[in-house]
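Data first, discussion second: the structure below is written as structure tokens.
The values are calculated or read from the model by the stated rules, or taken from the named source; none is laboratory data. Note that the coordinates shown come from a computational prediction; the quantities given were computed from them, not determined experimentally. FYI the Cβ positions are ideal-geometry reconstructions off the backbone, even for glycines, and counts take in every protein chain you see. We work out accessible area using only protein heavy atoms, side chains counted, and drop any ligands, DNA or RNA first. Shrake-Rupley method; radii C 1.70, N 1.55, O 1.52, S 1.80 Å.
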Amino acid sequence: MNYAEIKYFDIANGPGVRTSLFVSGCTHHCEGCFNDIAWDFGYGKPFTESVWEEIYESLKPHYITGVTLLGGEPFEPQNQKGLIGFIREYKRRFPEKTLWIYSGYTYEELTGAIPSRCRTDITDEILSYTDVLVDGKFEIDKKNIMLRFRGSENQRLIDIRKTLKSGQITEWTDDPVYGSHTMD
């Protein structure tokens with residue numbers, strides 16, 4: 001798997017100060033995509049274990065709240081395979097920090113409620129490590145620059161931990177629980 005960019009000290013892609021990894025490769029090709037250069041799976045640099053270590057190092061300060069994965073498309077099947085080892089190790093080293101993932105696939109597609117090519121044998125495991133999923137393709141006719149942490153009105157901020165616990169989609173709310181890094 002390749003990655004297009006890593007943003008350290010990012011405040012745009014989730015609450016607090018985060019490290020954001022932009023993976024390469026996306027088959028959605030949303031009109032108006034802000035990162036269309038990352039549609040190409042061959043774009044960027046290889047996502048090696050030495051890159052993982054650079055990201056883990058960036059997460060050591062207490063004020064870094066977590067990692068955000070976006071792209072490209074983190075849930076493309078080949079990207080899931082490239083990310084799973086990194087995610088497992090991230091959650092092992094930093095269980096108190098959050099994982100946000102942006103995906104053009106919907107929660108229903110990722111879980112198999114709606115059949116989709118994105119569903120793999122490791123999708124559920126990735127979701128189990130995820131705190132918030134920002135789901136849905138960017139839709140230019142629903143673009144709204146006033147939305148927090150998303151680009152179009154169809155996209156949802158899903159609290160995955162609460163959703164998995166209750167069995168019902170629960171939208172994330174910006175509350176003090178997340179600011180203090182304590183999760184259910």
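I need the fraction of alpha carbon pairs in segment 24-85 separated by more than 15 Å, rounded to a whole percent. Looking at segment 24-85, the distances longer than 15 Å represent 58 percent of pairs. Sparsely packed loop sites in segment 45-90 (the chymotrypsin sites (Phe, Trp or Tyr not before Pro) outside DSSP H, G, I, E and B with at most 15 other Cβ atoms within 10 Å) comprise Tyr63. Per the Debye formula on identical point scatterers at the alpha carbon atoms of segment 109-159, with no solvent, log10 I(q)/I(0) at q = 0.14, 0.26 Å⁻¹ is -0.43, -1.00. Dividing the convex hull volume of the alpha-carbon atoms in the chain by its residue count gives 110 Å³ per residue. Mean silhouette area of segment 91-133, derived from the convex hull of its C-alpha atoms and averaged over all directions, reads 3.1 nm².
Estimated at the nearest 10 Å², the accessible area of Leu69 is 0 Å² with a 1.4 Å probe. Structure note, pairs Lys97/Lys162; Lys97/Lys142; Lys45/Lys165; Lys143/Lys165; Lys97/Lys165: Cα-Cα distances above 25 angstrom occur for Lys97/Lys142; Lys45/Lys165; Lys143/Lys165. Computed over every Cα-Cα pair of segment 26-129 and binned at 10 Å starting from 0, the pair-distance distribution P(r) comes out as 14, 44, 34, 8, 0 percent. Taking the protein heavy atoms of the chain in the context of the full set of protein chains, the accessible area attributed to carbon and sulfur is 53 percent at 1.4 Å. Entry comment: accessible area of the chain is 48 Å² per residue, from protein heavy atoms only and a probe of 1.4 Å.
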